[in-house]
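Just so it is clear, none of the values below were taken in a lab; they were calculated from the coordinates. Source: prediction; values computed, not measured. Positions of Cβ are generated from backbone atoms using ideal geometry, with glycine treated the same way; all protein chains shown enter the neighbour counts.
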Amino acid sequence: MQESPSSSPLQTAEPKRFARHLLAFGENRIELFMLEMEEERQHFVRVLMLALGAAVLALLAGMGFSAAIVVLFWQTSPVGMLLVIGAVYTSGAFFLYRHLLSVQQDWKTLPASLEQLQKDGECLKEILA
C-alpha cells in the first residue's frame with residue numbers, strides 16, 4: 001500500500017516544529033514581559049519612596065522657613081509676608097503640577113515588550129504570507 005503524498009514524514013514534522021517554535025516564542029515573550037513588570041514595580045516603589053521622603057522634608061523645611069520669615073517681618077507686615085509666602089508656594093505647586101503632566105505624557109509602559117511584539121507580528125506576517 002502506498003502512502004499518499006500529503007502524509008509524508010516531512011510534512012507531518014513541519015506543523016510540530018512550527019508549534020514548538022511558537023511555544024518557545026510565547027515563553028520568551030512572557031519571560032520578557034514578567035522581567036519588565038518586575039523592573040517597573042521596583043522603579044515605581046523607589047520613585048514613590050524618594051518622592052515621599054522629599055515631600056516630607058520639603059514640607060518641614062517650608063514650615064520652618066515660613067515661620068522664620070513671618071517672625072522676622074512681624075513688626076512690618078505679617079499679613080503681607082503670609083500672602084507672599086502663599087504666592088510662592090502656589091507658584092511652586094503649579095510648576096510641579098505642570099512638570100508632572102509633562103512626565104506623564106512622555107511615559108512609556110513596557111517599551112521593550114511592545115517593540116518585540118511588533119517585530120514578532122511582522123515576522124509572523126512574513127512567514128504566513
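Miscellaneous remarks
- Under 26 Å from the Cα of LYS16 - lysines, other chains or at least 8 residues apart: LYS119, LYS125
- Considering all different alpha carbon pairs of the stretch 10-128, the Kirkwood hydrodynamic radius works out to 19.8 Å.
- Environment charge of ALA112, counting only residues whose C-beta is closer than 15 Å and scoring Lys/Arg +1, Asp/Glu -1: -4
- Helical contribution to [θ] at 222 nm, DSSP H n ≥ 4, -39,500 (n - 2.57), averaged over the chain, rounded to 500: -31500 deg cm²/dmol
- Positive contributions from Lys and Arg (+1) and negative ones from Asp and Glu (-1), summed over other residues with Cβ under 12 Å from the Cβ of LEU23, come out at +3.
- Counting charges near LEU48 (Lys, Arg +1; Asp, Glu -1) among other residues having Cβ under 13 Å from its Cβ returns a value of +1.
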